[in-house]
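Below you'll find the structure, written out as structure tokens, and then a few comments.
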Amino acid sequence: MTTLDTTETAWTDDRKAISISFILITALLALALASLCFGLTTMPPADIWATLMGDPPDVNSERILPLRWHRLIVGVGVGICLALSGAILQAILRNPLVEPGVIGLNSGAALAAAVVLVLTTGAVSNASLATAAILGATLAVALVTARAWSPGSLQPMRLILAGIAVASLAGALLTAAMLAGSPQRLPRLLVWLSGDLNGVAAKDAHLVWGALAGALPLVAFVARRLDIAMLDPVSGAGLGHRQRVVTYALLGLAAALAGIATAVCGIVVFVGLVAPHLARRLTGPMNRRVLPAAALIGALIVASADLFGRTVAPPTQLPAGLICGLIGAPFFFLLMRRHHGSPAHQRPPHRPRHPPRGPTV
């Protein structure tokens, strides 16, 4: 293939990725309108527009619209955080079955935030909760990486096994914190751990989007580094890739994104698995195309789960984390089946050790 052919193929792939992003943005805007319209009380688009213009038709519209708006933008921000965290982890570990929960990021963030929420006296600020969640996720990824790093490279299988161990330990400590904490705060903690967006406010939106304002430029900057990280260590070193430094930096970024999402709405699983995988199927393997698509898909998943959870069985509101888990678990099993059945994981045909002898004369 000539250089001209390669350039033309790259332009074609870029145009395809832009078209897919435009479709995803359109779907997200339609979902945003549906999220503002539907709930326990239906609001026509005309009432939403009148309320935005400062002329609400009734008191309920003036009170309900801000609540739904905060749920929408927080859900979109959480979906973006989890999708980008999952895409970064899958690129580093070269494994499409990895997501923040698999290597203990969500569990570490939840444990630290729960300790602050349950064991402290007085009101807990969102900044304190977010700081604790980020520190918990960072500590979890540090423990996992310390056990998984062998001389010269990070061993993906060892990292996943260490992540499972850290997640189990964090779960046990979380149960102990719940038993030792104040009974008055236990209901709030249980709702928070389920990944519920009910009750989020403007301060939660400021927290998640303030964090994204700092993280998104970093994600755009490391997109090429992620493509190099997907190569084998020898090829990466030949391209100037300092594997240990870059790996630690990218793991820290993934931990921060997962920690922010967990601090805002609790544990939401499988978004970091599903969104990057779908993005790769739509746009190809290059991370500069995968990351924007994964972010939009993650936003669609969480916002859709929240809308479905509050409209499927009114007046009961199901947490978005529960809906994502119900969707993500079958998808994970399907991925495992395809991953196991791929040519790279099939056994080669049996060949005899010695070639057959020719006829004797």
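Key figures
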read-out	value
Subset of segment 133-154 that is over 22 Å from the mean Cα position of the chain (by Cα) and outside any helix (DSSP H, G or I) - its residue that is surrounded by the most Cβ atoms within 10 Å (Cβ to Cβ)	W149
Residue within segment 93-113 that is crowded, with 17+ Cβ neighbours inside 10 Å, among the hydroxyl-bearing types (S, T, Y), outside any loop (DSSP other than H, G, I, E, B) and touching a Leu at 6+ places or on another chain (Cβ under 7 Å) present	no
In segment 170-185, the residues that are assigned to a helix (DSSP H, G or I) and more than 26 Å from the chain's Cα centre (by Cα)	A176, L179, A180, P183, Q184, R185
Unique residue being under 30 Å from A137 (Cβ atoms) and not aromatic (F, W, Y) when the list is L28, L52, L65, L40	L28
Answer residue from segment 184-202, given it is without any contact (Cβ under 8 Å) to a residue 24 or more places away in the chain and not hydrophobic (A, V, I, L, M, F, W, C) and is farthest from S85 (Cα to Cα) among those	Q184
Criterion (in contact (Cβ under 8 Å) with a residue 24 or more places away in the chain, out of contact with any Gly (no Cβ under 9 Å at 6 or more places or on another chain) and on the phi < 0 side of the Ramachandran plot) met by exactly one of G214, G181, G163	G181
Unmet criterion (only one of (1) in a helix (DSSP H, G or I); (2) touching a Leu at 6+ places or on another chain (Cβ under 8 Å)) for L33	(2)
Only one of V245, V264, V234 that is in contact with an Asp or Glu (Cβ under 7 Å, 6 or more places away or on another chain), at pLDDT below 90, more than 21 Å from T12 (Cα to Cα) and assigned to a helix (DSSP H, G or I)	V264
Any hit, segment 276-297, residues being out of contact with any Ser or Thr (no Cβ under 8 Å at 6 or more places or on another chain), closer than 21 Å to A167 by Cβ, part of a helix (DSSP H, G or I) and at pLDDT 80 or above	yes
Test: residue in segment 27-37 that is surrounded by 13 or more Cβ atoms within 10 Å (Cβ to Cβ) and either of a type in the set (V, I, T) or at pLDDT below 85 (or both)	no
For G75: the one exception among (1) under 30 Å from L173 (Cβ atoms); (2) touching a Ser or Thr at 6+ places or on another chain (Cβ under 6 Å)	(2)
When residues of segment 298-316 are limited to those that are of a type outside the set (G, A, S) and in a helix (DSSP H, G or I), the one nearest to S21 (Cα to Cα)	L300
Unique match (being closer than 28 Å to A87 by Cβ, modelled with pLDDT of 90 or more, under 21 Å from the mean Cα position of the chain (by Cα) and not basic (K, R)) among A205, A220	A205
Hey, L193 buried (at least 17 other Cβ atoms within 10 Å of the Cβ) and over 17 Å from the mean Cα position of the chain (by Cα) or not	no
Qualifying residue in segment 104-115 (condition: more than 19 Å from the chain's Cα centre (by Cα) and hydrophobic (A, V, I, L, M, F, W, C))	yes
Qualifying residue in segment 123-132 (condition: of a type in the set (A, V, I, L, M, F, W, C), in a loop (DSSP other than H, G, I, E, B) and surrounded by fewer than 16 Cβ atoms within 10 Å (Cβ to Cβ))	yes
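The values are calculated or read from the model by the stated rules, or taken from the named source; none is laboratory data. None of these values were measured; they are calculated from a predicted model. With ideal geometry, Cβ positions are generated from the backbone for all residues, glycine too; neighbour counts draw on all protein chains shown.
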